[in-house]
Amino acid sequence: MPSPTLITLTDAGLYCAAGDFHIDPWRPVQRAVVTHAHADHARPGSRSYLAARDGEHVLRARMGMHASIQPADYDAPVEINGVRVSLHPAGHILGSAQVRVEYRGEVWVVSGDYKVGADATCAAFEPVRCNSFITESTFGLPVYRWRPQVEIFDEINAWWRANQLAGKASLLFAYALGKSQRLLAGVDPSIGPIFTHGAVERLVGEYRASGVALPATTYAAAGRKAEWSQALVVAPPSALGTPWM
């Protein structure tokens, strides 16, 4: 029978007592293993972080330049107090990982967020065999059915072209980390100029520094008014209703 105690839920989040580390802790801890850089999974203040090498740039952008981050390649085990820990692609955003924890022949996997659809901006999800799987299920209900990605991008591109003919700027909202970059990788940049909110542009730079190919973008504050009617503008949802709009 699998052990019920290899990973337990504590006041600080998921905890492996055998290795004395937390996975995506809710508060600062001595050693954090982080699935990805979104703020509900990677919180500042921990003494050290273990994370996928692919996401080192975006994690440091969130945690600060002085954070102690140990990058690890996917499927490259790290020993933590006798516990074998490895990270495996989760397909969610750049550097997202499933955490595989092996101890005395037993294997548990913690997913964090993940998706199984194709994404040009991060490594594809890989299933990991285990005894116990701790999974997030934000969109796990049967009501959620996603149309093919190519259909969505075709609609966005057609909408952008139609707005150009009407002399209107095209504004899309997407989370600054992960969703904005996925959006930029999927649109047709030949249609017109692409401008970004500062929060998006900063992380676009970290994606490029990580080797992810994205179309040319311009920080929106540097744009000229005459260009807006041809442009696609990408901003986080928090920009809605602000003076920036």
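One line per residue, one yes/no per condition, for (1) crowded, with 18+ Cβ neighbours inside 10 Å; (2) under 30 Å from ALA185 (Cα atoms); (3) touching a residue at least 24 places away in the same chain (Cβ under 8 Å):
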| site | (1), (2), (3) |
| --- | --- |
| GLY64 | no, yes, no |
| SER68 | no, no, no |
| TYR74 | no, yes, yes |
| VAL78 | no, no, yes |
| ASN81 | no, no, yes |
| GLY91 | yes, yes, yes |
Given the criteria open to solvent by less than 40 Å² (accessible area, probe 1.4 Å) and either out of contact with any Leu (no Cβ under 9 Å at 6 or more places or on another chain) or basic (Lys, Arg) (or both), does SER229 qualify?
yes
Hey, can you tell me all the residues within the range 156-191 that are on the phi > 0 side of the Ramachandran plot and open to solvent by 10 Å² or more (accessible area, probe 1.4 Å)?
GLY167
Quick one: is ALA123 open to solvent by less than 60 Å² (accessible area, probe 1.4 Å), part of a loop (DSSP other than H, G, I, E, B) and in contact with an Asp or Glu (Cβ under 8 Å, 6 or more places away or on another chain)?
yes
Is it the case that TYR207 is under 30 Å from GLY13 (Cβ atoms), open to solvent by less than 70 Å² (accessible area, probe 1.4 Å), within 19 Å of the chain's Cα centre (by Cα) and among the aromatic types (Phe, Trp, Tyr)?
yes
Cβ pairs under 6 Å, 6+ apart, first in the range 127-140 and farther than 14 Å from ILE7 by Cβ, second of a type in the set (Lys, Arg) and open to solvent by less than 70 Å² (accessible area, probe 1.4 Å)
VAL128/ARG100
Looking at this structure, is SER96 within 17 Å of ALA72 (Cα to Cα), modelled with pLDDT under 95 and surrounded by 11 or more Cβ atoms within 10 Å (Cβ to Cβ)?
no
In the set VAL110, VAL99, VAL85, which member is touching a residue at least 24 places away in the same chain (Cβ under 8 Å), over 20 Å from the mean Cα position of the chain (by Cα) and closer than 18 Å to LEU14 by Cα?
VAL85
Sole miss for PHE139 among (1) of a type in the set (Phe, Trp, Tyr); (2) loosely packed, with under 12 Cβ neighbours inside 10 Å; (3) modelled with pLDDT of 95 or more is condition (3)
Tell me which residues, restricted to the range 143-155, are surrounded by 13 or more Cβ atoms within 10 Å (Cβ to Cβ) and either modelled with pLDDT under 95 or not acidic (Asp, Glu) (or both).
GLN149, ILE152, PHE153
I'm told ALA231 meets every condition in (1) under 23 Å from ASP40 (Cβ atoms); (2) touching a strand residue (DSSP E or B) at 6+ places or on another chain (Cβ under 8 Å); (3) of a type outside the set (Asp, Glu) except one. Can you identify the failing condition by its number?
(1)
Check whether at least one residue in the range 141-151 is in contact (Cβ under 8 Å) with a residue 12 or more places away in the chain, farther than 23 Å from LEU94 by Cα and either touching a Cys at 6+ places or on another chain (Cβ under 6 Å) or not assigned by the TED database to the domain that holds VAL85 (or both), and report yes or no.
no
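The values are calculated or read from the model by the stated rules, or taken from the named source; none is laboratory data. Because the structure is a prediction, the values reported are computed rather than measured. With ideal geometry, Cβ positions are generated from the backbone for all residues, glycine too; neighbour counts draw on all protein chains shown. These area figures cover heavy atoms from the full protein model, side chains too; ligands, DNA and RNA do not enter into them. Shrake-Rupley method; radii C 1.70, N 1.55, O 1.52, S 1.80 Å.
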